[in-house]
């Protein structure tokens, strides 16, 4: 009788340790059956080795739940050049986009030498961040938002024309840096007709659907240009007085539009074990904190209500992220029609590659109605 009870107890214990889980190892997703009490046990059962520095979500010592998603990201070395400064470090980022996202606010709006969707392969990744360079010219001080690498490129991109004899306080070949101030001194003193910049205005829009602390330039300011004719008075060969006779604007300035968020991220609630909880964990793997997840929540609530089988019959968009067409998500796994983890993984990769962060994608959706 004792032996029979032991066998029954052993069978029950074995059954309780059986799990069907989704395992995501460096973007390779599969649904498996495994035995184990903890996440680490399940990974061991599947012969998935976890090395020092690798990231596991949930942590290896936590209880493994039936139906859960386990994410493993392997640590590896990358060499990154940001605005001319090169560093080599260890990361669990999968793609160039993940790497840029890990830069935090500094990575917003940054451009890289490779596509954000490109898988990191050990090659040097060069990134130029979004910088504010203030250009003081023709009596106006203009903050230029730019990702250009040199002072020459910043001025050229902004449409500021340098004429013969003009000088700059910083060499044109110097690297552009955030917070830099460049003075342009016109060399055409005494000229009757000169080309001058027309400064742009800056407008701020408060957006209650975006989180507090979010600030992004929706439209970059661009100075205009005008041809100004002066009447000059000379004394002993030197100019002593100058008056405007006429001014013709040859290029209208473009106002800078800045969007700032006002929503409190603390208002977001997530049910454990839900698709939102999975998305929150996978977003955190990319370095996206709760403010970014709040934007993701709003975006996919609008798109699909977080329903795995949500389908737009007119366009063919499908799933939680409303992939168009839905079959695009097969690049992650073949179960894209029914597996929320597959859909979420694809959706986060799409957002990282196209917009950089969920908040930028959500802002685009607010402004355009789609993302």
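Each reported figure results from applying straightforward, stated rules to the coordinates on display, with no laboratory input. On a predicted model such as this, the values are computed, not experimentally measured, just so you know. All Cβ positions, glycine included, derive from the backbone under ideal geometry; neighbour counts span all protein chains shown.
Under the criterion of Cα pairs below 8 Å and six or more residues apart, the relative contact order for the chain equals 12 percent. For the stretch 335-364, list residues with backbone N below 20 Å from a point placed 7 Å from the Cα of residue 66 toward its Cβ? Only 339-341 fall inside the zone, counting backbone N under 20 Å. Peptides 171-181, 339-349 ordered by packing proxy, namely the average of other Cβ atoms within 10 Å per residue, highest first: 339-349, 171-181. The spread of Cα positions in the stretch 76-128, taken along each principal axis and listed from longest to shortest, comes to 24, 22, 18 Å. Normalised by 2.2 N^0.38 Å, with N the number of residues, the alpha-carbon radius of gyration of the stretch 131-261 equals 1.24. The Rg/Rh ratio for the stretch 45-193, using Cα coordinates for both the radius of gyration and the Kirkwood hydrodynamic radius, is 1.22.
Multiply the residue gap between residue 81 and residue 174 by 0.36 nm, knock off their C-alpha separation, and tell me the result in nm, one decimal place.
31.8 nm
Highest mean packing comes first when the peptides 205-211, 51-57 are listed by Cβ atoms within 10 Å, giving 205-211, 51-57.
Under the simplified labelling scheme, the residue 55-residue 35 pair shows an inter-label distance of 3.3 nm, with each label point 7 Å from Cα along Cα→Cβ.
DSSP bridge analysis restricted to the stretch 76-128 gives an antiparallel fraction near 75%, rounded to the nearest 5.
Can you tell me the orientation of helix 340-354 relative to the chain, as the angle in degrees between its alpha-carbon axis and the longest Cα principal axis, to the nearest 10? Value to nearest ten degrees: 10. By DSSP, the beta bridges lying fully in the chain are antiparallel in about 75 percent of cases.
Taking 7 Å steps out from each Cα toward its Cβ at residue 203 and residue 185 produces label points 3.8 nm apart.
Taken over the stretch 278-371, the convex hull of the Cα atoms encloses 83 Å³ per residue. Size descriptors for the chain, from the alpha-carbon set: Rg then Dmax equal 28.0, 123 Å. Antiparallel beta bridges, as assigned by DSSP with both residues in the stretch 76-223, represent about 75 percent of the total such bridges. In terms of its C-alpha gyration tensor, the stretch 12-66 has a prolate overall shape, because the principal axis ratio a/c (a ≥ b ≥ c, square roots of the eigenvalues) is not below 1.5 and a/b outweighs b/c.
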